[in-house]
Structure formats: structure tokens, C-alpha cells
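The values are calculated or read from the model by the stated rules, or taken from the named source; none is laboratory data. All of these numbers come straight from a predicted model, not from anything done at the bench. Note that we place each Cβ from the backbone using ideal geometry, even for glycine, and neighbour counts take in every protein chain shown.
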Amino acid sequence: QCQLSGLWRNEQDSLMEISALRDNGDFQGKYLTRVTLSSGCAHISPLKGIQQQPGEGGWPTFAFTVRWDKFSNATTAFVGQCFVDSGGKETLTTMWLLREAVGSLKEDSKATR
């Protein structure tokens, strides 16, 4: 069984802490990113999400959003799955979309990465 709650580190040395995982799958936590457009400083931002428990023998899927607090006018949505290898190591795999605010509808096409 993969446990989503806890502290996670990604390849860019950012940290995510999932501190509260409820019975219905809702969770919250914080994301400490070292990857920013504005500077190289680390910034903590709140995250909220939900985990879908798999059927028998499967691995849980999840989704969460991060509101980049105080340093960016952007929100990122992540979706992923949690796996455990034969040695017991837990790994999260994710895909993400980041949406920045733009000043007009004309600029909409360059607002999502």
C-alpha cells in the first residue's frame, strides 16, 4: 500500500508535505518550490487535493492544486499515481499544468505550460 501522506522530494529539490489525509481521500499540505520564474529563493505555497483509492491490488491515483502564494500569479494542477517497488520504496509520478494570469484574451495561448 502506498501512503501519500508524508514528505516528498522531486528531481528539482522541491519539497511537498501532505499533512492531512482524510478517510474520504481529501488531503492538504504545502509545497516548497525551488523552481520559480521570479528568483532562486524557495517559497512555501498551500496545496489541496484528493486521492482515489484503487481496487484490489492497484495503486492509488491522486490530483492536487498548488496556489503559488505571494510570489506568482499562477496555479498548478498535478495528477499522478503512487507506486511501491519490490524494495518498499514509494514513488509518485505526476504530470502538471501551470496557468499564469495574463492581461487579455489575446495572450491566453501563452498562459498555460
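Couple of notes before you dig in:
- Whichever residue in region 64-94 is over 8 Å from the mean Cα position of the chain (by Cα) and of a type in the set (Phe, Trp, Tyr) and, among such residues, is surrounded by the most Cβ atoms within 10 Å (Cβ to Cβ): Trp68
- Region 89-113, residues that are within 16 Å of Ser72 (Cβ to Cβ), β-branched (Val, Ile, Thr) and in a strand (DSSP E or B): Thr112
- Every pair of residues 6+ apart whose Cβ atoms lie under 8 Å, when the first sits in region 1-16 and is at negative phi while the second is in a loop (DSSP other than H, G, I, E, B) and at pLDDT 85 or above: Cys2/Trp59; Cys2/Pro60; Leu4/Pro60; Met16/Asn10
- Of all residues in region 12-24 being surrounded by 15 or more Cβ atoms within 10 Å (Cβ to Cβ) and farther than 11 Å from Pro46 by Cα, the one that is modelled with the highest pLDDT: Leu15
- When Ser104 is tested against (1) within 17 Å of the chain's Cα centre (by Cα); (2) of a type in the set (Ser, Thr, Tyr); (3) loosely packed, with under 14 Cβ neighbours inside 10 Å, exactly one condition is not met: (1).
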